[in-house]
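Chemist: Before I ask anything, let me first share the structure, which is written out below as structure tokens.
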Amino acid sequence: MNGVDRQLRDLLETAAGEPPHRVSAEAVRRRVIRRRVVEFAAGAVAVAAIAALIPVGIGALGHAHGPPNSGPAAARMVTSRHYGYTETLPAGWRLVTQAKRQWNGKGAPGDGDNVVDLFKGPGGVEAWVVAAPTSKDLAAYATRTVRVAGAVHSCPKVPQSNRAITIGGAPARVLDTQCPAGSGFLVEIAVTVHHGIGFAIGSQNPTGITPTDQPADRAAFRKFLAGIRLQR
Amino acid sequence: MDAKADGFAQFVEARQRALQRTAWLLTGDWALAEDLVQTALVRSWPRWERIKRRDDPEIYVRRAMVNSWASWRRRRWWGEQAAGTVPDSQAVGDVATEVAVRITVQRALRSLPARQRAVLVLRVFDDLSEAQVAQVLDCAVGTVKATLAHAMARLREDPRLTGLMDRETQ
């Protein structure tokens, strides 16, 4: 740095002075939450607007009567390419993407990883599925899942709840947690072990984060889990 | 508090002042500077673990800050205004001098194109290396050097700024 640079730097130092307020991590975290709420609200408004416009558009095209009533939606079944299960999609659920490659059983893949089968459900809730061979029993597999999720996604070491359910008739556990810890972002992880294959099925709602959404998200995830059939 | 939240809070605690000062030199307004720093941190927080593993958090946050600032400028939801009259440079007292310096420097910075201003602030004020500035701005080191040279040449033509620099050396 030459003399002119140094002089200029001194002037910049003097000019910048002292910030009048501090920026805290807590304020940033609150803003993340507000931003997600706003995004969720904006999404809901957009969906409502589209829903309102569709009949108008259909009318304008001369198809005011709409499509013929097909009765209850036909059940749609997804067969996982990599993980040996089928999912009968409940109403409001759809497959977003199949895993691009098989999970190696390490780490705790999230919804953005290419080893997960990713599904979207009502209200923006999502579920993702991975599976890999394991020598552990269900209890040990659940413990391992919590431990790794804590290390990778900053989830708490102990889940908020740990309940027994069944997945495809197999004993399973569903773990409720918040990732990161204390953030208020609900993440549910269902685990089961079937014929030496450990399944981890995660769920979260990246759009709606208010506590009032959580019962609806939980219910949607239960319906999703009820649609799973384990092969073999 | 978990490790991620803890690490992030420590980073914010340690770096918020420096980040806000850089943001002020970019925006010229403390409220906008605070908003800019928060915006950059909001963008960084969800990816914090990944940033720490793969990147230098300082560089990442500064990149988010400069990119946010550039996008604000494109959207023009806050219009930059030329500084009003500059106080008489003979104003007496430390406070008056400081105010005069602040306004003169801010006006000189505003006379620079955004890219030149960002390079100047990051290289001269934040003392980042040319390679680090290139990383923040996602450009070649040669581009940083050339942009900085243009910015410095332009500032040397500003009589008020050079007047202040001369006064500092006397």
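FYI, it's all coordinate maths here, none of it is from the lab. Predicted, not measured: the structure shown is a model, and the values here were computed from it. Neighbour counts are summed over all protein chains in view; Cβ atoms, including those assigned to glycine, are modelled from backbone coordinates with ideal geometry.
Chemist: Which residues' amide hydrogens lie under 5 Å from the amide hydrogen of residue A:231, considering only partners 5 or more residues apart or on another chain, with H built in the peptide plane?
Modeler: Those lying under 5 Å, H to H, from residue A:231 are A:85, A:86.
Chemist: Okay, moving on. Under a 5 Å amide H to amide H cut-off, with H placed in plane at 1.01 Å, what residues pair with residue A:197 once short-range neighbours are removed?
Modeler: A:134
Chemist: Residue by residue, what Karplus-based ³J(HN,Hα) values in Hz, rounded to whole numbers, does segment B:156-163 have, using 6.51, -1.76 and 1.60 with θ = phi - 60° and x for Gly and Pro?
Modeler: 5, 7, 8, x, 5, 5, 5, x
Chemist: Please turn the phi angles of segment A:118-124 into ³J(HN,Hα) values with the Karplus equation 6.51 cos²θ - 1.76 cosθ + 1.60 (θ = phi - 60°), one per residue in order, whole Hz, x for glycine and proline.
Modeler: Using θ = phi - 60°, the values come out as 10, 10, 10, x, x, x, x Hz.
Chemist: Something else: Go through segment B:56-61 residue by residue and turn each phi into a ³J(HN,Hα) via Karplus (6.51, -1.76, 1.60, θ = phi - 60°); whole Hz please, and just put x for glycine and proline.
Modeler: Ordered by residue, 3J(HN,Hα) equals 8, x, 4, 5, 4, 5 Hz.
Chemist: Residues with beta-carbon under 11 Å from that of residue B:146, excluding residue B:146: net charge, scoring Lys, Arg +1 and Asp, Glu -1?
Modeler: Working: positive: B:115, B:145; negative: B:130.
Its environment carries a net charge of +1.
Chemist: Something else now. Expressed as a whole number of Å, what is the distance separating the alpha-carbon centroids of segment A:111-157 and segment B:105-170?
Modeler: Centre-to-centre distance over Cα atoms comes out at 48 Å.
Chemist: What are the residues whose amide H is under 5 Å from the amide H of residue A:76, where those residues sit 5 or more places off or on another chain and H is modelled from the backbone?
Modeler: Long-range HN contacts for residue A:76: A:89.
Chemist: Right, something else. Longer than 22 Å from Cα to Cα, which of A:120/B:52; B:52/B:145; A:106/A:157; A:100/B:52; A:106/B:52; A:157/A:223 are they? Say none if no pair is.
Modeler: In this structure, A:120/B:52; B:52/B:145; A:100/B:52; A:157/A:223 lie more than 22 Å apart at Cα.
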